[in-house]
1. Among (1) touching a residue at least 60 places away in the same chain (Cβ under 8 Å); (2) under 23 Å from residue A:95 (Cα atoms), which single condition is residue B:37 missing?
2. Considering only the range B:70-87, I want to know if a residue exists there that is touching a residue at least 12 places away in the same chain (Cβ under 8 Å), buried (at least 16 other Cβ atoms within 10 Å of the Cβ), under 24 Å from residue A:103 (Cβ atoms) and within 11 Å of another protein chain (Cβ to nearest Cβ).
3. Restricting to the range B:23-55, give me the number of residues that are part of a strand (DSSP E or B) and surrounded by fewer than 16 Cβ atoms within 10 Å (Cβ to Cβ).
4. Tally the residues that are assigned to a strand (DSSP E or B) and more than 14 Å from every other protein chain (Cβ to nearest Cβ), restricting the search to the range A:27-72.
5. Considering every residue within the range B:25-37, establish whether at least one is away from chain A (no Cβ under 14 Å) and farther than 16 Å from residue B:13 by Cβ.
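Computed from the coordinates by the stated procedures, all read-outs in this text should not be read as laboratory data. The structure presented is a predicted model; accordingly, all values stated were derived computationally and were not measured. Note that each Cβ is placed from the backbone with ideal geometry, even for glycine, and that neighbours are counted across all protein chains shown.
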């Protein structure tokens with residue numbers, strides 16, 4: 001089955017810096033890759049997603065890139081702010097499947 | 001903005017007891033899901049449900065688990081005989097369709113087995 005690896009597990013940046021979180025997936029049939037932000041004790045909140053027919057997607061300070069050949073995708077957050085501090089999870093879904101397979105998460109800390 | 005709602009927010013149950021977790025998916029969504037998250041770990045898929053039947057389930061979703069849509073709005077997860085290792089946060093999610101559609105999560109039910 002699909003397996004998603006996520007790195008780093010923790011990431012500390014200064015306010016205003018950029019943050020990059022990387023994920024790799026194992027199943028080349030995966031075609032949908034969402035990113036979720038989870039604040040302590042709260043629900044995973046979808047922040048951006050990308051489909052396999054697109055290489056890059058941007059939404060204000062957040063962007064996601066996908067390299068299907070290498071089977072990896074990355075989340076880029078620019079101009080980080082303290083409120084970006086949270087756990088970020090990447091996920092992948094196999095074509096014709098419904099399950100999201102999550103990575104282990106990255107704890108992002110943005111200090112001011 | 002419509003949200004997935006879950007009740008209760010916290011459930012404490014004795015080991016061996018049955019528990020039912022309840023969810024109200026977003027009204028125009030057709031696919032429903034249950035995930036669980038053990039404290040400090042990643043989110044794990046349990047089951048998906050469409051058109052009144054299970055679409056997909058994981059190895060975690062064994063015979064102790066069942067799902068039901070008892071009426072037009074509720075979606076439930078039942079654990080028949082709870083074990084200590086069932087202690088986790090259980091999230092319900094829903095999506096408009098199944099293929100490459102965003103899944104929106106509820107706030108979760110924290111299940112504590114004593």
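1. (2)
2. no
3. Start the filter on the range B:23-55 by keeping residues that are part of a strand (DSSP E or B), which leaves B:23-24, B:31-37, B:43-50, B:53-55.
This time we only want the ones that are surrounded by fewer than 16 Cβ atoms within 10 Å (Cβ to Cβ), so: B:53-54.
Count: 2.
4. Keep residues of the range A:27-72 that are assigned to a strand (DSSP E or B), which gives A:30-38, A:45-51, A:56-59, A:62-67, A:72.
Retained after the next criterion (residues that are more than 14 Å from every other protein chain (Cβ to nearest Cβ)): A:56, A:58, A:62-63, A:65, A:67, A:72.
Qualifying residue count, the range A:27-72: 7.
5. Yes, some residue in the range B:25-37 is away from chain A (no Cβ under 14 Å) and farther than 16 Å from residue B:13 by Cβ.
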